[in-house]
């Protein structure tokens, strides 16, 4: 590892090796070569001839195939310094290795044939990896949700105590966001196409010239290249490039994942502050350089940090798509080289962190119960009032009396730091006609969670179990967190 120049933390600290390989130089330039082979093969199979002679031979194709991965980078670099053109530098370098085929490499194509088609192929491969990681996190959270589907806990609106829920039900909210992200990803993946062989301005004029005006062969060329690169088809029309809205669409999917992950990390950090649920803390982990007792939620904080980067990065392709002129401008190129790979590396890092965290969540039921029981008297007041009305009380008068007693009990809790004694105050008020023993029957948390356990079971059974069963083979490559 070089220590005297800048190195992106997305590579050195956060993203997996698998995702880094997708956007590596080896993958990029070997894909360029595979695309040149696909083009040459398709042109040969369609019978490209000149003066009755085949322009491309099987021998040339075989020569090209024998040098797909042994890329002569140094030759390409030296050539690019001279000609200032990356594609033509690699055409030249490939030709040095394949002298018999040198004259037919890139035949009829423009730079975007390899550049844009490769970008689409790499985004497809990267989306597939993200998909596996997304399903892995959903699987982890589904198990957690099922395990705690019946555990009552305080729910919050405005981060103020509200009607109780269960821990499992709360987890379904995290899962559902991720399932929506998966749906968006699947749509994006299913609609992704190849640019194909469109030529300099998207008119395919150069290929029409090669095939002596045969429109059908030019159309077939497009589809054959797509099939050879394992794509269902090509975008039917384009300028020199595929529409940059494709990049915006892809990164919007990744941004959606970042939004869901950030929300999860917010909730978990709040829960850790409450000492109800914590992210895993390793035996030798240091929480603070100064405060040795601390257990900081550093992985959840990292999820939030990377998520903010990814959400902001998703603006790049949106702005690029908006700024393109006519059939193309080159102000997209430098931006794409940064924004697209880094978005995928960030998404990969986020989901690896989420899988790590959700696989080791620590739950403290006694603390959860303590917090709930401190607030439950307030939440039980509606039931208490209804029963008192049934016993002959006046609903309006009882409501006002409960309001007054609740304010008094709340003041004692907040200003004097004492326990919530609302039930004792109600028992002492003859307007209710209820004893302390009778009021204790209201202090059963399960009475106040509504359908939370049933909603959780139904959601897991009806939505998540079929989803996981349909994707049981989608297991991501095992990766350890770097830090």
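Which ones in the range 385-440 are more than 49 Å from the chain's Cα centre (by Cα), outside any helix (DSSP H, G or I), surrounded by 13 or more Cβ atoms within 10 Å (Cβ to Cβ) and touching a residue at least 40 places away in the same chain (Cβ under 8 Å)?
Hits for the range 385-440 are 393, 431, 432, 433, 434.
Identify, by number, the condition in (1) without any contact (Cβ under 8 Å) to a residue 60 or more places away in the chain; (2) over 33 Å from the mean Cα position of the chain (by Cα); (3) surrounded by 17 or more Cβ atoms within 10 Å (Cβ to Cβ); (4) in a loop (DSSP other than H, G, I, E, B) that residue 71 doesn't meet.
It is condition (2) that residue 71 fails.
Between 183, 206, 190, which is out of contact with any helix residue (DSSP H, G or I) (no Cβ under 8 Å at 6 or more places or on another chain), over 27 Å from residue 466 (Cα atoms) and part of a helix (DSSP H, G or I)?
Working: 183 fails: over 27 Å from residue 466 (Cα atoms); 190 fails: over 27 Å from residue 466 (Cα atoms).
It is 206.
Can you give me the number of residues within the range 92-114 that are assigned to a helix (DSSP H, G or I) and touching a residue at least 40 places away in the same chain (Cβ under 8 Å)?
Taking the range 92-114 first, the residues assigned to a helix (DSSP H, G or I) are 92-97, 102-104, 111-114.
Imposing the further condition that a residue be touching a residue at least 40 places away in the same chain (Cβ under 8 Å) reduces the set to 94, 104, 112-114.
The number of residues fulfilling the criteria is 5.
I need a count of the residues in the range 42-65 that are within 37 Å of the chain's Cα centre (by Cα) and surrounded by fewer than 19 Cβ atoms within 10 Å (Cβ to Cβ).
Residues flagged as within 37 Å of the chain's Cα centre (by Cα) and surrounded by fewer than 19 Cβ atoms within 10 Å (Cβ to Cβ) within the range 42-65 amount to 1.
Out of everything in the range 368-384 that is assigned to a helix (DSSP H, G or I) and out of contact with any strand residue (DSSP E or B) (no Cβ under 9 Å at 6 or more places or on another chain), what residue ends up being farthest from residue 441 (Cα to Cα)? Full working, then the answer.
Pass one, the range 368-384, residues assigned to a helix (DSSP H, G or I): 368-379, 381-384.
Checking the rest, the ones that are also out of contact with any strand residue (DSSP E or B) (no Cβ under 9 Å at 6 or more places or on another chain) come to 370, 373, 377, 381-384.
Working: 370: 17, 373: 13, 377: 11, 381: 12, 382: 14, 383: 11, 384: 10 Å.
Here the answer is 370.
What do you reckon, is residue 460 under 22 Å from residue 132 (Cα atoms), modelled with pLDDT of 95 or more and touching a helix residue (DSSP H, G or I) at 6+ places or on another chain (Cβ under 6 Å)?
Numbers: under 22 Å from residue 132 (Cα atoms): yes; modelled with pLDDT of 95 or more: yes; touching a helix residue (DSSP H, G or I) at 6+ places or on another chain (Cβ under 6 Å): yes.
Considered against the rule, which asks whether it is under 22 Å from residue 132 (Cα atoms), modelled with pLDDT of 95 or more and touching a helix residue (DSSP H, G or I) at 6+ places or on another chain (Cβ under 6 Å), residue 460 comes out as yes.
Among the numbered conditions (1) modelled with pLDDT under 95; (2) closer than 30 Å to residue 270 by Cβ; (3) exposed (fewer than 13 other Cβ atoms within 10 Å of the Cβ), tell me where residue 362 comes up short.
Here residue 362 meets the rest and fails (1).
What are the pairs with Cβ atoms under 7 angstrom where one residue, in the range 253-273, is under 11 Å from residue 311 (Cβ atoms) and the other, located anywhere, is not in a helix (DSSP H, G or I)? Sequence gap at least six, or different chains.
Correct list of pairs: 254/314; 255/314.
The values are calculated or read from the model by the stated rules, or taken from the named source; none is laboratory data. Small disclaimer: the values here were computed from a predicted structure and weren't measured. Every residue, glycine as well, gets a Cβ built from its backbone with ideal geometry; the counts of neighbours run over all protein chains shown.
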